[in-house]
Amino acid sequence: PPAMAPAALLRGLALAALLVLSPARAAWQARRPNVVLILTDDQDVCLGGMTPLKKTNALIAQMGITFLNAYVPSALCCPSRASILTGKYPHNHHVVNNTLEGNCSSKLWQKIQEPYTFPALLKSMCGYQTFFAGKYLNEYGAEDAGGVGHVPPGWSFWYALEKNSKYYNYTLSVNGKARRHGENYSVDYLTDVLANMSLDFLEYKSNFEPFFMMISTPAPHSPWTPAPQYTKSFQNVSAPRNSNFNIHGKNKHWLIRQAKTPMTNSSIQFLDDAYRKRWQTLLSVDDLIEKLVKKLELNGELDNTYIFYTSDNGFHTGQFSLPIDKRQLYEFDIKVPLLVRGPGIKPNQTNKMLVANIDLGPTILDIAGYDLNKTQMDGMSLLPLLRGDKNVTWRSDFLVEYQGEGYNESDPTCPGLGPGVTHCFPDCVCEDAYNNTYACVRTLSTSWDLQYCEFDDREVFVEVYNLTADPHQINNIAKTIDQEILEKMNYRLMMLQSCSGATCRTPGVFDPGYRFDPRLMFSNHGIRARRFSAQSL
């Protein structure tokens, strides 16, 4: 399509909206808050991932609220993004990994989940004009699932990346039509393309309907290609050498124990280089945020717009001698940035409540005035926390769940390890395996900062961490913690793994309203009661 097609389409639709809305309804529509959601890809918060974003910090964090304990229920792109869109845990949306077979943008996902995502409800039930630009789901555009011609319900304007993150040489679905981009920085660098498309939308959209924008950047995901003006930035920066860097993961699941310690010099050089390049790619995101906020201010819409900034999962660079990836149960992989500014939010605040990305959908629907009781979402609206309401009853725990990826054949990089491992590095350190399948209860109450995890493997391996005493999760205390706490956490894990909607928001183990009946305990470990499998889809 010609380069001006999106802008022309926006102008046409804006005119159509002007013709059909009565003056009274147009005024009512226009008063409702707008919402912008910026989603980065693989951006950690535990290892300094927000440090390069000076403008974002000034324009969002200092003008609003920073959630210090924001998490994802699965530390992998597609399951996490599905949780954002649906407001559900992975066991309820059934996206378990980044493959079509794992329900990532599959026809089953399109049929069962997409019609009920929060953008679909915003558009159909709340009268919002909706805009998407960037990475959607890792398998979006797969020929077996409709190709780039498939435009999910709920989007007025759709500029989605085919497949996984890239910076150059990619294809976008422009409202269902393929548009190929090359490697010319001035017209093809994806983060900047997303910024320009977003500014076009804000220029030509209807002014008689509220809007929702979701901008999903490739940064800082591999291949970590920075814009040319930033290739010299952070030359003296290296990955943090914190207390769990380049150490053996003793008393942990076998996948962690198999990492070679100390790491080779080449592995350390590789991860330091990746760390620098990740920061370099984020500088273009910082520019995008600045342009977006300036345009909203120029349009007179900034004061009536909520802006959310978050990531789909964290990342690690050398922790427990694992070179680079996500997928693991530890804080560096499951904890993410979450910044929000908007109407009624006081500036320069922090909040320590335990929040998760399943809360984003309910929050945005609540902002739009939609009755959350009509949804099947597992999350909670953050709006009371954003407004600073007093005496808010909040969760003290949430569920983390992941199904490991692995194949029947050996990884060609490390044939000696046999079948079942994947994402292996040249020195035969593997980041995933089919039985890297686990579920955790992450608890943050007034008296406990605890993580309890069970693996679905032959051992039914258990990991437990007291993060008050051990914030870097070095010491697994599963064999020394009080047996009664273990039993309660096992039971709570079973309950959360089978929860849906309101039952996902019941009191946690250390809440005053918690009820524990040992007679309901299964004879074996709880993860056996509800295990992820492709057959359950």
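Multiply the residue gap between residue 478 and residue 390 by 0.36 nm, knock off their C-alpha separation, and tell me the result in nm, one decimal place.
Contour length minus Cα-Cα distance gives 28.0 nm.
Using amide H atoms built 1.01 Å from N in the peptide plane, name the residues 5+ places from residue 127, or on other chains, whose amide H lies under 5 Å from its own.
none
What is the Å³ per residue value for the convex hull set by the Cα atoms of the chain?
Per residue, the Cα convex hull of the chain comes to 148 Å³.
Using a simple charge model, +1 on the beta-carbon of Lys and Arg, -1 on the beta-carbon of Asp and Glu, nothing else, what dipole does the chain show about its Cα centre, in debye to the nearest 20?
Computed about the Cα centre, the dipole is about 1020 debye.
As I understand it, the dipole of the chain uses +1 on the Cβ of Lys and Arg and -1 on the Cβ of Asp and Glu, about the Cα centre. Which of 264, 196, 168 lies farthest toward its positive end?
196
Which value, in Å², gives the accessible area per residue of the chain when a 1.4 Å probe is used on the protein heavy atoms?
39 Å²
Give me the Kirkwood hydrodynamic radius of the range 401-519 in Å, from all C-alpha pairs, to one decimal place?
By the Kirkwood definition, the hydrodynamic radius is 16.3 Å.
With θ set to phi - 60° and the Karplus curve 6.51 cos²θ - 1.76 cosθ + 1.60, what are the ³J(HN,Hα) couplings of the range 418-434 in order, to the nearest whole Hz, using x for Gly and Pro?
x, x, x, 9, 7, 6, 9, 9, x, 8, 6, 9, 9, 8, 8, 7, 4
For the range 312-329, in order, what is each residue's ³J(HN,Hα) by Karplus, 6.51 cos²θ - 1.76 cosθ + 1.60 with θ = phi - 60°, in whole Hz (x at glycine and Pro)?
Values, residue by residue: 7, 5, x, 6, 10, 9, x, 5, 6, 6, 8, x, 8, 3, 9, 6, 8, 7 Hz.
In debye, nearest 20: dipole of the range 315-470 around its Cα centre with unit charges on the Cβ of K, R (+) and D, E (-)?
Dipole about the Cα centre, nearest 20: 1080 debye.
In terms of modelled amide H atoms, which long-range or inter-chain residues lie less than 5 Å from the amide H of residue 216?
Under 5 Å from the amide H of residue 216: 39, 133, 134, 135.
What lysines could a cross-link reach from residue 352, if we take a straight Cα to Cα line under 18 Å and drop same-chain neighbours fewer than 8 places away?
Partners within reach: 335, 390.
Determine the share of the chain's accessible area contributed by carbon and sulfur atoms, expressed in whole percent, with a 1.4 angstrom probe.
Solvent-exposed carbon and sulfur of the chain make up 53 percent of the total.
Given H placed on each backbone N at 1.01 Å, which residues far from residue 478 in sequence or on other chains put an amide H within less than 5 Å of it?
Here 464 satisfy the definition.
Angle between the Cα long axis of helix 483-497 and the longest principal axis of the chain, 0 to 90 degrees, nearest 10?
40 degrees
Can you tell me the 0 to 90 degree angle between the C-alpha axis of helix 265-298 and the longest principal axis of the chain, rounded to 10?
30 degrees
Among the trypsin sites (Lys or Arg not before Pro) in the range 351-440, which ones are in a DSSP loop with at most 12 other Cβ atoms within 10 Å of the Cβ? Mind listing them?
The qualifying sites are 352, 390.
Could you work out the relative contact order of the chain, using alpha carbon pairs under 8 angstrom and six or more residues apart, expressed as a whole percent?
20 percent
Which pairs, out of 88/488; 232/291; 326/479; 54/232; 55/135, put more than 28 Å between their alpha-carbon atoms?
Beyond 28 Å between Cα atoms: no listed pair.
Measure nothing fancy, just the Cα-based angle from helix 77-86's long axis to the longest principal axis of the chain, in degrees from 0 to 90, nearest 10.
The two axes meet at around 60 degrees.
Rounded to the nearest 500, what is the chain's calculated 222 nm mean residue ellipticity when only DSSP H runs of at least 4 contribute -39500 (n - 2.57) each, over all residues?
Dividing the helical sum by the residues of the chain leaves -8000 deg cm²/dmol.
Whole-Hz ³J(HN,Hα) for each residue in the range 217-229, computed from phi via Karplus 6.51 cos²θ - 1.76 cosθ + 1.60 with θ = phi - 60°, x for glycine and proline: what do you get?
Calculated HN-Hα couplings, in order: 7, x, 5, x, 5, 4, x, 6, 9, x, 5, x, 6 Hz.
The values are calculated or read from the model by the stated rules, or taken from the named source; none is laboratory data. Remember, predicted model here, so these are calculated numbers, not experimental data. Please note: Cβ atoms are built from the backbone with ideal geometry, for glycine as well, and neighbour counts cover all protein chains shown. These accessible areas exclude ligands, DNA and RNA; they are computed on the full protein's heavy atoms, side chains included. Shrake-Rupley method; radii C 1.70, N 1.55, O 1.52, S 1.80 Å.
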